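First comes the structure, then the notes that go with it.
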Amino acid sequence: MKATAEPHSGLEGLSVSVVVYRPDIEQLNATLAGLAAASESLRAGRPGVPVSLYLVDNGGLPDMRATLAELERHGVSTTVISGHGNVGYGRGHNLAIERSANRYHLVLNPDIDLAPDALCKAFDFFDAHAQAGLITPWIGDEHGHQLFLCRRYPTLLDLFARGFLPARLRRWFARRLARYEMRDMINAQDVVWDPPIVSGCFMMFRTSVLKQLAGFDARYFLYFEDYDLSLRAHDVTRVVYTPSVRVLHHGGGAANKGFAHIRMFVASAYKFFNRFGWKWL
């Protein structure tokens, strides 16, 4: 049975969780500045709507008092969750999700720039579509070019070609990768209902749905936790690509981050396919 929305309330608050480990402080500050601006725009149209940030420190977070004070001046209440060590991406977000009492919860990467109206557009979409429980936005790179981060169910060949082949070889797989990335459906204008998998860099949920799912599966330390959560979300709600909500993403793939990340990627892929089924070619 898929969940439906709660009755409309004038105080439908938003909580946001950002998990960091040895963050790029300049990028993190930019992400939080964007969150402050988007929250201010949201509250200008919806006076009294509370916005709260949970900044989850998995290790290496410097003194953020000045930045967090600026967020508070913009009406965003802030909580730093620390002392638990590097428990991984999903478990880090779960520490915030279990504390959230707001109507909506945004899982946000520390390398995302929100458009000033991103939260307004997300709230508007949820208001207009009671069946929507998870929305994913239009995502661009740092140059404003669209990234195709919605996915069909992957094969091992898709993951290898996209993540590890050099560009000159990847072009031989262009057609199958375009299908994997849903380029036949995803664009800058059209809403797409029920893409199978959406990116964990920005996942905005009705909190009731997220709690029904018990958040992320803690068995994934890093990588594929968003694939897992996306697939489970379809059991209880509708997932929607909503291009009116816009963000920029500054992240990179596992292959660009060294051997440790490749090892974590492979370990998480093994857990994912063992749970949902192996597809080779």
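The values are calculated or read from the model by the stated rules, or taken from the named source; none is laboratory data. This one's a predicted model, so the numbers in the text were calculated from it and none came from an experiment. Positions of Cβ are backbone-derived with ideal geometry, glycine not excepted, and every protein chain shown enters the neighbour counts.
Where in the range 207-281 are there helices (runs of 4 or more DSSP H), lying fully within it, with 3 or more residues that are over 30 Å from D127 (Cα atoms)?
By residue number, 259-276.
Would you confirm whether any residue within the range 195-202 is among the small types (G, A, S) and over 15 Å from the mean Cα position of the chain (by Cα)?
no
Can you find even one residue in the range 137-155 that is of a type in the set (D, E, K, R), more than 19 Å from G251 (Cβ to Cβ) and out of contact with any Gly (no Cβ under 9 Å at 6 or more places or on another chain)?
yes
From the list A44, A69, pick out the single residue that is touching a strand residue (DSSP E or B) at 6+ places or on another chain (Cβ under 9 Å) and farther than 19 Å from V239 by Cβ.
Result of the check over A44, A69: A69.
Given the criteria touching a strand residue (DSSP E or B) at 6+ places or on another chain (Cβ under 6 Å) and either of a type in the set (S, T, N, Q) or more than 28 Å from R103 (Cβ to Cβ) (or both), does T155 qualify?
Taking the combined requirement at face value, the residue does not satisfy it.
Could you list, in sequence order, the residues of the range 180-192 that are out of contact with any Phe, Trp or Tyr (no Cβ under 6 Å at 6 or more places or on another chain) and either more than 25 Å from V240 (Cβ to Cβ) or surrounded by 12 or more Cβ atoms within 10 Å (Cβ to Cβ) (or both)?
Correct list: Y180, M182, M185, N187, V191.
Could you tell me whether any residue of the range 224-244 is polar (S, T, N, Q), out of contact with any strand residue (DSSP E or B) (no Cβ under 6 Å at 6 or more places or on another chain) and under 21 Å from L119 (Cβ atoms)?
Yes, the range 224-244 contains a residue that is polar (S, T, N, Q), out of contact with any strand residue (DSSP E or B) (no Cβ under 6 Å at 6 or more places or on another chain) and under 21 Å from L119 (Cβ atoms).
Please report, ordered by residue number, the strands (runs of 3 or more DSSP E) entirely within the range 101-191 with at least 1 residues that are over 18 Å from F202 (Cα atoms).
Per the criteria, no element qualifies.
Just checking, how many residues over the range 27-74 are at pLDDT 95 or above and on the phi > 0 side of the Ramachandran plot?
Within the range 27-74, residues that are at pLDDT 95 or above and on the phi > 0 side of the Ramachandran plot number 2.
Conditions: (1) in contact (Cβ under 8 Å) with a residue 12 or more places away in the chain; (2) over 14 Å from the mean Cα position of the chain (by Cα). R170 meets all but one. Number of the miss?
(1)
Specify which of the listed residues (F224, F273, F265) is modelled with pLDDT of 95 or more, more than 14 Å from the chain's Cα centre (by Cα), surrounded by 15 or more Cβ atoms within 10 Å (Cβ to Cβ) and under 19 Å from F160 (Cβ atoms).
Result: F273 is the single residue among F224, F273, F265 that is modelled with pLDDT of 95 or more, more than 14 Å from the chain's Cα centre (by Cα), surrounded by 15 or more Cβ atoms within 10 Å (Cβ to Cβ) and under 19 Å from F160 (Cβ atoms).
Please specify each residue of the range 208-255 satisfying the condition of being out of contact with any Leu (no Cβ under 9 Å at 6 or more places or on another chain) and hydroxyl-bearing (S, T, Y).
S208, Y220, Y223, Y227, Y241, T242, S244
State all residues of the range 4-22 that are under 15 Å from C201 (Cα atoms) and either in contact with a Pro (Cβ under 8 Å, 6 or more places away or on another chain) or modelled with pLDDT under 95 (or both); if no residue qualifies, say none.
Within the range 4-22, V18, V19, V20 meet the criteria.
Could you pull out the residue among S17, S82 that is closer than 25 Å to L229 by Cβ, touching an Asp or Glu at 6+ places or on another chain (Cβ under 7 Å) and of a type in the set (G, A, S)?
S82
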